[in-house]
Number of protein chains: 2
Amino acid sequence: MTEEQAIREEDGLEPERVEAILEAVEAGDGAGVTRLLEPLHAADIADLLEQISPSERSALLALSSGEIDGDVLSEIDESIREEVIEALPDNVVADAVRELESDDVVDILEDLDAPQVGRILSALDRADRVAVEQALSYPEHSAGRLMQREVVVAPAHWTVGEAIDFLRGADHLPDQFYHVILTDPRMKPVGYVTLGRILSSAREARLTTIVEDSFRTVEAADPEADVAYIFNQYHLISCPVVDADGRLVGVITIDDAMNVLDEEHEEDMLLLAGVGEESSISDGALETVKQRLPWLVVNLFTASISAFVISQFESTIAALVSLAAVMPIVSSTGGIGGTQSLAVAVRALATRDLTASNAKRVVLRELGAGVMNGLGLALILGFGGALVYGDVRLGIVLGLAMITNQIVAAMGGVLVPLSLERWGLDPALASGTFVTTLTDVMGYLAFLGLATWLML
Amino acid sequence: MTEEQAIREEDGLEPERVEAILEAVEAGDGAGVTRLLEPLHAADIADLLEQISPSERSALLALSSGEIDGDVLSEIDESIREEVIEALPDNVVADAVRELESDDVVDILEDLDAPQVGRILSALDRADRVAVEQALSYPEHSAGRLMQREVVVAPAHWTVGEAIDFLRGADHLPDQFYHVILTDPRMKPVGYVTLGRILSSAREARLTTIVEDSFRTVEAADPEADVAYIFNQYHLISCPVVDADGRLVGVITIDDAMNVLDEEHEEDMLLLAGVGEESSISDGALETVKQRLPWLVVNLFTASISAFVISQFESTIAALVSLAAVMPIVSSTGGIGGTQSLAVAVRALATRDLTASNAKRVVLRELGAGVMNGLGLALILGFGGALVYGDVRLGIVLGLAMITNQIVAAMGGVLVPLSLERWGLDPALASGTFVTTLTDVMGYLAFLGLATWLML
């Protein structure tokens with residue numbers, strides 16, 4: 001690789017390039033498409049395929065299947081991966097997957113249908129196929145699915161020189177590795193040495209004298225969320241994976257952990273907003289409806305609870321019709337207060353900063369914040385309402401209802417996700433719907449109940 | 001380091017340990033606290049300090065300041081860092097920062113007041129102080145603030161053997177490094193070589209023959225968000241930083257990039273929920289109010305717009321009081337629809353999957369989804385409303401209002417963040433408030449307007 005090539009690699013996916021590629025696709029100019037794709041990183045080609053329309057995608061794939069290598073298949077969003085593989089000739093797919101490491105092949109296979117899985121497995125060498133099938137035997141979303149089986153290992157009694165000679169003579173080393181893992185004679189990992197320490201130590205130094213002080217392993221059956229957590233928490237670059245007996249079976253590297261972390265973030269954000277966690281910007285309108293309509297229907301029914309509550313006060317509203325205009329203010333501000341409390345709690349649960357040790361203190365904190373926010377808002381709304389409608393009693397009712405609902409909102413925002421977590425559910429799941437239903441119902445109930453009591 | 005030590009390091013922050021530590025703190029048992037903290041990773045000690053109450057925190061710091069080293073200060077959340085540094089004796093803080101790399105010192109100093117900054121700078125050696133001051137001269141949230149200045153460099157014409165001999169003889173190497181950066185005679189980086197390739201190649205191999213194909217640099221003035229993006233997009237482990245003339249000035253490693261990415265996720269989630277981006281689970285009630293009340297007050301005023309809209313239809317409501325009960329259903333479901341569309345758009349903008357190339361198609365997709373979701377919900381609500389109230393016209397009004405509002409919701413959810421992005425603002429900022437105000441107002445307006453027209 002020359003300097004010029006290295007610098008050319010830095011091309012990104014600018015809008016002008018996308019436009020030029022789409023023009024070449026429309027003109028059926030295969031050579032042009034290939035020339036424009038060639039300097040792009042696989043991740044950018046994958047993004048391009050995600051951003052264009054389905055018809056542009058199939059035209060582009062037909063013209064340039066030669067540029068679609070394994071890395072592109074591995075980078076592409078699962079929402080369109082099946083479609084892309086369907087569109088490619090068998091031999092292109094087979095060549096593409098053959099060049100990937102086993103963990104990347106597993107990642108691709110996880111989201112495909114049985115016939116496509118068979119097609120891809122049969123394209124692999126026997127050894128790779130066995131490796132992939134073994135990885136697939138671990139539970140979904142486990143460390144075993146995430147790990148690569150190619151590990152760089154040295155007996156714990158070796159010296160730096162022995163390790164270097166072994167690495168120089170090795171037939172096949174993984175594309176990316178950052179540590180040499182030291183094992184005992186039963187293949188149990190006992191520590192690891194960074195490549196930097198090996199390179200900067202004398203040949204006769206023993207590996208055990210230069211191991212890292214911090215050393216962690218994960219079990220192949222551990223959930224991938226736990227793996228992502230320890231990479232993030234302890235700033236790991238790679239982590240050995242062991243079986244139930246503590247024997248080394250693979251290694252997970254930071255790029256895989258970062259991916260999991262990113263997916264978890266996305267999932268939390270989408271679940272909180274009441275969208276199916278597989279929503280993607282490349283979905284068509286129909287797929288989008290499938291991801292969203294179920295939650296909207298749920299909300300339709302929970303909103304009907306509010307309607308039922310209000311209908312119980314129809315005589316109050318008939319007597320004082322201006323109540324109908326101001327009543328949504330209490331509910332709406334409650335919904336915002338609940339969402340605020342919820343977002344902080346869900347985030348803290350995800351980063352494991354909200355635990356059994358501080359849950360009680362956080363709930364009390366929310367109570368305090370709810371009371372103070374309620375008082376502040378009650379003052380503004382109470383005075384405002386009394387002034388606009390020239391009715392002190394309306395001001396008092398608005399103020400009291402606001403305080404009540406802000407307390408309910410703040411408490412609900414933290415108690416709902418804490419309860420979901422305790423029951424083993426994802427704390428982000430449906431939390432938003434629970435909390436806003438709670439604050440809507442409580443807002444109308446408190447306001448109309450107090451109005452009936454104090455104003456009629 | 002022995003095997004036993006390595007395994008002991010794996011202790012985590014279980015609730016039982018937190019309880020035991022707090023008991024020792026209450027008993028004033030300094031030796032016990034030290035013994036319980038000793039096997040913990042700095043990140044876990046930082047989490048502990050974040051999870052306990054302010055009074056427990058100051059008692060613990062008074063008993064165990066010896067255990068608070070630089071890594072703990074570097075790991076601790078900025079919301080309590082100032083408080084912790086305040087509570088520690090000067091010499092403990094000085095010793096703690098002296099052992100850190102310059103990028104970690106910069107990260108700590110960024111959030112402190114001038115007197116504390118002065119105290120810490122004066123504790124550093126002259127060379128470190130100059131390095132830190134130079135880093136602070138780059139803009140906030142730039143690559144220059146993130147990078148470490150200690151780089152491992154080799155002239156592009158060297159062989160593997162020359163590089164290894166240089167590394168073995170080097171006085172001081174960074175704690176973590178994953179590449180040797182190749183530079184030309186003017187210190188411009190021209191490529192990099194992974195340590196794995198160096199270790200597995202023959203001594204006489206030229207470094208230029210084993211450089212990575214993918215090579216990217218960032219400029220010191222680039223925003224840190226761009227840095228996090230390219231690490232995530234291109235799976236980088238480290239990335240050279242250059243000045244405006246292209247000369248190497250430092251290197252950013254993946255742990256720093258992962259931190260930035262994590263902070264950006266948090267910021268998006270909190271901003272979307274209308275919470276100040278510095279909200280933390282360790283905030284007290286007062287701090288929490290400060291982060292949330294401003295948004296609640298904004299929402300109070302936007303909710304008043306809805307109240308004003310409703311008040312224009314008081315005569316309609318007086319004539320048909322049951323309208324008051326059902327009207328929030330249309331607004332509430334619109335709010336959910338808008339939030340769904342918004343969450344997907346904000347996430348796609350953050351990952352740069354929503355760009356100028358596909359914005360038009362995504363907006364059309366949202367339009368289609370809004371129409372279909374609206375039709376689906378209109379059928380359920382229309383029939384339901386007509387049946388419950390025995391009034392076909394009410395069913396028609398509910399259905400038409402629902403369709404209108406779902407279209408507004410879906411379009412608003414994507415157009416609001418796209419517009420904010422175009423104006424150079426954070427697309428998550430206040431998007432939620434804009435969109436729910438829009439769907440609330442439109443929900444009441446469409447429903448009451450249609451009711452006035454068709455039912456009176």
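The values are calculated or read from the model by the stated rules, or taken from the named source; none is laboratory data. Treat the numbers as computed from the prediction; the structure is a model and nothing was measured. Don't worry about glycine lacking a Cβ; one is built from the backbone with ideal geometry, like all the others, and counts go over all protein chains shown.
Assorted remarks:
- Residue list for the stretch A:51-90, restricted to those being closer than 25 Å to A:E277 by Cα, more than 23 Å from the chain's Cα centre (by Cα), away from chain B (no Cβ under 14 Å) and not aliphatic (A, V, I, L, M): A:E86
- Residues being at the interface with chain A (Cβ under 8 Å from one of its Cβ atoms), over 30 Å from B:L445 (Cβ atoms) and basic (K, R) - total across the stretch B:271-308: 0
- Qualifying residue in the stretch B:160-177 (condition: over 17 Å from B:T208 (Cα atoms), facing chain A (nearest Cβ under 9 Å) and either crowded, with 22+ Cβ neighbours inside 10 Å or touching a Phe, Trp or Tyr at 6+ places or on another chain (Cβ under 8 Å) (or both)): yes
- Considered as a group, the residues in the stretch A:302-316 that are more than 10 Å from B:P328 (Cα to Cα) and within 46 Å of the chain's Cα centre (by Cα) include one that is surrounded by the most Cβ atoms within 10 Å (Cβ to Cβ), and that residue is A:F313.
- Members of the stretch B:106-143 that are outside any helix (DSSP H, G or I) and more than 26 Å from the chain's Cα centre (by Cα): B:L124, B:D125
- Within the stretch B:138-156, being more than 22 Å from B:D262 (Cα to Cα) and either among the hydrophobic types (A, V, I, L, M, F, W, C) or modelled with pLDDT of 95 or more (or both) holds for B:V151, B:V152, B:V153, B:A154, B:P155, B:A156.
- Of the residues making up the stretch A:274-284, one or more are crowded, with 19+ Cβ neighbours inside 10 Å, in contact with a Ser or Thr (Cβ under 8 Å, 6 or more places away or on another chain), at pLDDT below 95 and closer than 23 Å to A:Q406 by Cα.
- Hits in the stretch A:392-425 - residues which are charged (D, E, K, R) and at pLDDT below 95: A:E421, A:R422
- Taking the criterion of being within 13 Å of chain A (Cβ to nearest Cβ), crowded, with 21+ Cβ neighbours inside 10 Å and in contact (Cβ under 8 Å) with a residue 24 or more places away in the chain, the residues of the stretch B:223-236 that qualify are B:A228, B:F231, B:N232.
- Taking the stretch B:197-209 as the range and being touching a residue at least 40 places away in the same chain (Cβ under 8 Å) and at the interface with chain A (Cβ under 9 Å from one of its Cβ atoms) as the test, the residues that pass are B:S201, B:A202, B:R203, B:T208.
- Residues of the stretch A:57-78 that turn out to be modelled with pLDDT of 85 or more and touching a Gly at 6+ places or on another chain (Cβ under 7 Å), as a count: 1
- Selected residue [surrounded by 22 or more Cβ atoms within 10 Å (Cβ to Cβ), in contact with a Pro (Cβ under 7 Å, 6 or more places away or on another chain) and assigned to a helix (DSSP H, G or I)] from A:L349, A:L377: A:L349
- For the stretch B:256-275, a residue qualifies if it is of a type in the set (G, A, S) and under 16 Å from A:V346 (Cβ atoms), and the qualifying residues are B:A273, B:G274.
- Residue ID - surrounded by the fewest Cβ atoms within 10 Å (Cβ to Cβ), chosen from residues in the stretch B:79-94 that are modelled with pLDDT of 85 or more and among the acidic types (D, E): B:E86
- Residue in the stretch B:307-323 that is in contact with a Pro (Cβ under 9 Å, 6 or more places away or on another chain) and either closer than 26 Å to A:F301 by Cα or outside any loop (DSSP other than H, G, I, E, B) (or both) present: yes
- Filtered residues of the stretch B:421-456 (kept if closer than 18 Å to B:A348 by Cβ and either outside any loop (DSSP other than H, G, I, E, B) or of a type in the set (S, T, N, Q) (or both)): B:E421, B:R422, B:S431, B:G432, B:F434, B:V435
- Residue match in the stretch A:185-196 (condition: among the hydroxyl-bearing types (S, T, Y), surrounded by fewer than 21 Cβ atoms within 10 Å (Cβ to Cβ) and at the interface with chain B (Cβ under 9 Å from one of its Cβ atoms)): no
- Exclusive hit being among the aliphatic types (A, V, I, L, M), touching a residue at least 40 places away in the same chain (Cβ under 8 Å) and in contact with a helix residue (DSSP H, G or I) (Cβ under 9 Å, 6 or more places away or on another chain), set A:A131, A:A143, A:A87: A:A143
- Qualifying residues in the stretch A:325-339 (those that are facing chain B (nearest Cβ under 7 Å) and in contact with a Leu (Cβ under 8 Å, 6 or more places away or on another chain)) - the one surrounded by the most Cβ atoms within 10 Å (Cβ to Cβ): A:G337
- When B:V251, B:V275 are checked against the criterion of being assigned by TED's automatic domain parsing to the domain that holds B:F166 and within 30 Å of B:E82 (Cα to Cα), B:V251 stands alone in meeting it.
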